[in-house]
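The values are calculated or read from the model by the stated rules, or taken from the named source; none is laboratory data. Since the structure is predicted, the reported quantities are computational estimates derived from the model, not experimental observations. Every residue, glycine as well, gets a Cβ built from its backbone with ideal geometry; the counts of neighbours run over all protein chains shown. Just so you know, the surface numbers come from the protein's heavy atoms only, side chains and all, with ligands and any DNA or RNA stripped out. Shrake-Rupley method; radii C 1.70, N 1.55, O 1.52, S 1.80 Å.
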Amino acid sequence: MKFKWKIALWIVIVAGLLLGLRYCYYGSLLGTCVYTEEIQAVPAQFSSAKVRLIRPAAVLRGIDKEYQCLAEMGAITNKIVEAKHASHYRYQIENLQTETVDAGSNLDFEIVKMIAVTKHGIKTLDSGSGPIEHLILKDQHGNLYEVATVSLGLNAGDEYLKAITSDGQEIFLNPEAF
């Protein structure tokens, strides 16, 4: 009888250890996605603003393997990044197609939503703490684009998008604007 209890105890310990390791890796006992997303309110000054390119940028088309497990972010297949950083995404985006766009591309965007993406589990060690906010832009043809606010131009003069508010004010989009 004591032998059966020892076996049962070991099974419980091993199962608990495996569940604990799963939780550490994914940040969840049931899910397999290390990310969660939360839709946030668009700041009032940008709710009716037009967004335009002011410098060359790259539009990356394809499925972002990192976010494909998310309902909102996984559905967006266009990403706008600074042109010089486009090659950094070659392993992250499946079936990657890159197109360089600039102010002459006649693309006008509106901000349709903001999504905060948080990474969970032990994998957060490589990505810092806290959520990363993403702007979801829609062009005049109805195509959706994702832009991480942290990549909107880290240094003065690196900005590649500007917002023109309803009262005509021009605001260069950078991480501090949000």
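Using a Gaussian network for the chain with springs between C-alpha atoms less than 10 Å apart, which of these wobbles most: Ile39, Ile80, Ile13?
Sorting by GNM fluctuation, first place goes to Ile13.
Summarise the accessible area of the chain (1.4 Å probe, protein heavy atoms) by the percent that is carbon and sulfur. Kindly include the intermediate steps, with their values, before the conclusion.
Values: 6090 of 10700 Å².
Exposed carbon and sulfur together represent 57 percent of the surface.
Expected output is a single nm value to one decimal: the length gained when fully extending between Ile13 and Tyr91, i.e. 0.36 nm times separation in residues minus the C-alpha distance. What is it?
So the chain would gain 24.2 nm between Ile13 and Tyr91.
Tell me the trypsin sites (Lys or Arg not before Pro) within the stretch 52-88 that lie in a loop according to DSSP and have at most 14 other beta-carbon atoms within 10 Å.
Details: sites: Arg52, Arg61, Lys65, Lys79, Lys84; in loops: Lys65.
Hits after loop and neighbour filter: Lys65.
What does the charge add up to near Ala83, with Lys and Arg as +1, Asp and Glu as -1, over the other residues with Cβ less than 10 Å from its Cβ?
In short, 0.
Per residue, how much accessible area does the chain show when a 1.4 Å probe rolls over the protein heavy atoms, in square angstrom? Before the final figure, lay out the partial values.
Numbers: 10700 Å² over 178 residues.
So the chain comes to 60 Å² accessible per residue, rounded to a whole number.
Could you pull out every residue, at least 5 positions away or on a different chain, whose amide H is within less than 5 Å of the one on Leu70? Hs are placed 1.01 Å off N in the peptide plane, and Pro or chain starts have none.
For Leu70, no residues qualify.
Considering only Ala103, Ala44, Ala86, give the residue with the highest GNM mean-square fluctuation for the chain, with springs between Cα atoms whenever their separation is below 10 Å.
Among Ala103, Ala44, Ala86, the largest mean-square fluctuation in the Gaussian network model of the chain belongs to Ala44.
Sort Glu159, Glu110 from largest to smallest accessible area, using a 1.4 Å probe on the heavy atoms of the protein chains.
Ranked list, largest accessible area first: Glu110, Glu159.
Filter the chymotrypsin sites (Phe, Trp or Tyr not before Pro) in the stretch 72-113 down to the DSSP loop ones having no more than 12 other Cβ atoms within 10 Å, then list what survives. The partial results should precede the final answer.
Working: sites: Tyr89, Tyr91, Phe109; in loops: Tyr91.
Those satisfying the criteria are Tyr91.
Using Cα atoms only, what is the angle between the long axis of helix 2-26 and the major principal axis of the chain, expressed in degrees (0 to 90) to the nearest 10?
10 degrees
Divide by every residue of the chain the summed helix terms, -39500 (n - 2.57) for each DSSP H run of at least 4, and state the resulting mean residue ellipticity at 222 nm, rounded to the nearest 500 deg cm²/dmol. Mind showing how you got there, number by number?
Values: 1 runs with 25 residues, N = 178.
Computed mean residue ellipticity for the chain: -5000 deg cm²/dmol.
With N set to the number of residues, divide the alpha-carbon radius of gyration of the chain by 2.2 N^0.38 Å and report two decimals. Don't skip to the end; give the middle numbers.
Details: Rg = 21.1 Å, N = 178, 2.2 N^0.38 = 15.8 Å.
Compared with the compact-globule rule of thumb, the chain sits at 1.34.
Roughly what would the spin-label model give for Ala75 and Lys4, points 7 Å off Cα along C-beta, in nm?
The answer from the label model is 5.3 nm.
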